[in-house]
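Here is the structure we will look at, set down as structure tokens.
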Amino acid sequence: MSLPIECFALDVGRHEYLKVHIDDLNSLGLIPLISDDSFVGDDEDDELNEYKYAYLESDVDWGRFIKAAEFFNKEVVIDYDKLQETFDEQYDDYHDWMENLAGCFDEESISDCWDIVVKQPSIELQEHLKSEDDYDDYDDYDEEEEEEEY
């Protein structure tokens with residue numbers, strides 16, 4: 001069994017993000033499918049802007065990531081506290097945090113800056129992500145899980 005993909009959740013007030021290593025996104029073939037609503041980090045010393053990590057926006061990309069991980073039978077472990085505590089200590093406003101990020105998610109800059117050969121998503125994965133019989137975003141995913149528990 002493979003190791004789980006470790007991620008970190010962050011609620012900055014107006015949006016929620018999931019911090020995921022670029023290599024994990026690439027192994028799933030997701031880099032070309034991530035929207036420019038997500039961000040990349042570029043600082044080796046700042047866990048809120050960490051080099052080689054993506055900060056996936058919750059409305060679209062977080063859900064795509066979860067669906068892709070499920071498609072490949074990868075376990076995802078999400079820490080909801082670590083980044084949140086750091087953010088709450090350092091920032092009063094999410095705009096201040098966003099100004100520190102390298103910029104919007106961009107496949108070309110990722111492959112150029114980090115010398116990564118971007119894996120293209122399979123047709124099967126693309127079809128799976130388009131399927132309407134599953135959740136469309138992370139928020140729906142949470143609601144479905146909660147509903148099933150009752």
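Here are some notes:
- Straight-line cross-link partners of LYS52 among the lysines, defined as a Cα under 17 Å from its Cα and at least 8 positions apart when in the same chain: LYS19, LYS119.
- Label-to-label distance, GLU99 versus THR86, with points set 7 angstrom from Cα along the beta-carbon direction: 2.0 nm.
- Cβ-derived FRET efficiency at R0 30 Å, ASP45 paired with SER122, nearest 0.05: 0.25
None of the figures in this text is laboratory data; all of them are computed from the coordinates on show. Not measured: the values here are computed from a predicted model. Don't worry about glycine lacking a Cβ; one is built from the backbone with ideal geometry, like all the others, and counts go over all protein chains shown.
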